[in-house]
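A.B. asks: First, the structure itself, so that you have it in front of you.
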Amino acid sequence: MILLCVEDVGTGIPKALTLVGCEAHSLRGLHMGGWDDTRWLPVAGKNKWLVFSFNKKILKVPSERETIILEKMGIVFLTDGQQRARATLKLLLTKWDTLELLWSTNERPFARFLSPNGRLTDKYKDYQLLDSKG
């Protein structure tokens with residue numbers, strides 16, 4: 001599994017993850033910083049990267065949601081928006097094995113929501129990629 005941290009996550013978290021042996025990239029590090037979501041999402045999908053973001057609103061934009069579905073992507077959102085980098089890094093390291101299992105065993109597309117306490121769900125408030133009908 002390769003984790004792609006989008007711009008709202010920054011570059012420090014994927015750099016730190018890489019230093020401890022996890023495979024992670026940032027959009028900026030891949031020279032895709034500043035790209036519209038509709039431009040980088042297909043690249044992430046084709047490369048089979050697990051996307052990590054704070055921006056749940058991506059699921060509300062029809063063209064972006066459709067791209068996630070068509071490209072059969074996996075995406076994980078932090079539920080409480082931006083939090084301090086240290087807390088986010090600690091959370092990702094704690095849940096890394098769970099994320100790898102999620103990536104290797106779940107049919108795509110999927111969206112999951114990761115809370116600061118480590119709970120991983122498929123729905124958060126009114127955000128959800130697919131309803132029970134698919």
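A.B. asks: Limited to region 34-63, what total is found for residues that are buried (at least 17 other Cβ atoms within 10 Å of the Cβ) and acidic (Asp, Glu)?
C.D. replies: 1
A.B. asks: Which one is farthest from Ala44 (Cα to Cα) among residues in region 74-122 that are touching a Ser or Thr at 6+ places or on another chain (Cβ under 7 Å) and of a type in the set (Val, Ile, Thr)?
C.D. replies: Selected residue: Thr79.
A.B. asks: Determine whether region 84-105 contains at least one residue that is surrounded by 12 or more Cβ atoms within 10 Å (Cβ to Cβ) and part of a loop (DSSP other than H, G, I, E, B).
C.D. replies: So far as region 84-105 goes, no, none of its residues is surrounded by 12 or more Cβ atoms within 10 Å (Cβ to Cβ) and part of a loop (DSSP other than H, G, I, E, B).
A.B. asks: Provide a single number: the residues in region 54-97 that are in contact with an Asp or Glu (Cβ under 6 Å, 6 or more places away or on another chain) and either closer than 15 Å to Tyr124 by Cβ or at pLDDT below 95 (or both).
C.D. replies: Of all residues in region 54-97, those in contact with an Asp or Glu (Cβ under 6 Å, 6 or more places away or on another chain) come to 54-55, 58, 64.
From what's left, either closer than 15 Å to Tyr124 by Cβ or at pLDDT below 95 (or both): 54-55, 58.
Residues in region 54-97 being in contact with an Asp or Glu (Cβ under 6 Å, 6 or more places away or on another chain) and either closer than 15 Å to Tyr124 by Cβ or at pLDDT below 95 (or both): 3 in total.
A.B. asks: Filter region 39-83 for residues that are assigned to a loop (DSSP other than H, G, I, E, B) and touching a strand residue (DSSP E or B) at 6+ places or on another chain (Cβ under 7 Å) and give the result.
C.D. replies: First, the residues of region 39-83 that are assigned to a loop (DSSP other than H, G, I, E, B): 48-49, 54-55, 61, 71-73, 79-83.
Across region 39-83, the qualifying residues are Trp49, Phe54, Met73, Thr79.
A.B. asks: I've got another one for you. Do we have any residue at all in region 11-26 that's within 24 Å of Ser104 (Cβ to Cβ), out of contact with any strand residue (DSSP E or B) (no Cβ under 9 Å at 6 or more places or on another chain) and part of a loop (DSSP other than H, G, I, E, B)? Walk me through it before giving the result.
C.D. replies: Kept after step one, since they are within 24 Å of Ser104 (Cβ to Cβ), are these residues of region 11-26: 13-14, 16-26.
Then keep just the ones that are out of contact with any strand residue (DSSP E or B) (no Cβ under 9 Å at 6 or more places or on another chain); that gives 19-21.
The next check asks that each one be part of a loop (DSSP other than H, G, I, E, B); those that pass are 20-21.
Within region 11-26, one or more residues are within 24 Å of Ser104 (Cβ to Cβ), out of contact with any strand residue (DSSP E or B) (no Cβ under 9 Å at 6 or more places or on another chain) and part of a loop (DSSP other than H, G, I, E, B).
A.B. asks: For region 44-69, how many residues are over 18 Å from Thr11 (Cα atoms) and in contact (Cβ under 8 Å) with a residue 12 or more places away in the chain?
C.D. replies: We begin by selecting, within region 44-69, every residue over 18 Å from Thr11 (Cα atoms); these are 45-48, 56-69.
Right, trim to in contact (Cβ under 8 Å) with a residue 12 or more places away in the chain and you get 45-48, 56, 58-61, 63-65, 67-69.
Result for region 44-69: 15.
A.B. asks: Turning to a different aspect of this structure: Within region 68-87, is there a residue that is over 14 Å from Ile2 (Cα atoms) and of a type in the set (Phe, Trp, Tyr)?
C.D. replies: Looking for residues that are over 14 Å from Ile2 (Cα atoms) and of a type in the set (Phe, Trp, Tyr), one finds at least one in region 68-87, hence yes.
A.B. asks: Shifting gears a bit: Report yes if Thr88 is touching a residue at least 24 places away in the same chain (Cβ under 8 Å) and at negative phi, otherwise no. Steps first, please.
C.D. replies: Numbers: touching a residue at least 24 places away in the same chain (Cβ under 8 Å): yes; at negative phi: yes.
Here the answer is yes, as Thr88 does meet what is asked.
A.B. asks: Could you tell me whether region 15-33 includes any residue that is over 25 Å from Lys125 (Cα atoms), among the polar types (S, T, N, Q) and crowded, with 20+ Cβ neighbours inside 10 Å?
C.D. replies: The first filter runs over region 15-33 and keeps only residues over 25 Å from Lys125 (Cα atoms), leaving 15-33.
Then keep just the ones that are among the polar types (S, T, N, Q); that gives 18, 26.
When the remaining residues are screened for being crowded, with 20+ Cβ neighbours inside 10 Å, the result is 26.
Yes, there is a match, as at least one residue in region 15-33 is over 25 Å from Lys125 (Cα atoms), among the polar types (S, T, N, Q) and crowded, with 20+ Cβ neighbours inside 10 Å.
A.B. asks: Can you tell me which of Arg108, Arg119 is at pLDDT 95 or above and in contact with a strand residue (DSSP E or B) (Cβ under 8 Å, 6 or more places away or on another chain)? Break it down into steps so the answer makes sense when it comes.
C.D. replies: Working: Arg119 fails: in contact with a strand residue (DSSP E or B) (Cβ under 8 Å, 6 or more places away or on another chain).
After applying the criteria, what remains is Arg108.
A.B. asks: Is region 27-38 home to any residue that is in a helix (DSSP H, G or I), among the hydrophobic types (A, V, I, L, M, F, W, C), more than 13 Å from the chain's Cα centre (by Cα) and modelled with pLDDT of 95 or more?
C.D. replies: So far as region 27-38 goes, no, none of its residues is in a helix (DSSP H, G or I), among the hydrophobic types (A, V, I, L, M, F, W, C), more than 13 Å from the chain's Cα centre (by Cα) and modelled with pLDDT of 95 or more.
A.B. asks: Looking at the structure I just gave you, is Ile2 surrounded by fewer than 21 Cβ atoms within 10 Å (Cβ to Cβ), within 11 Å of the chain's Cα centre (by Cα) and at pLDDT 95 or above? Explain how you work it out, then say what you get.
C.D. replies: Numbers: surrounded by fewer than 21 Cβ atoms within 10 Å (Cβ to Cβ): yes; within 11 Å of the chain's Cα centre (by Cα): yes; at pLDDT 95 or above: yes.
The answer is yes for Ile2.
The values are calculated or read from the model by the stated rules, or taken from the named source; none is laboratory data. Computed from a prediction, not measured in an experiment: that's the story for all the values here. Here the Cβ is made from the backbone with ideal geometry for all residues, glycine too, and neighbour counts use every protein chain on show.
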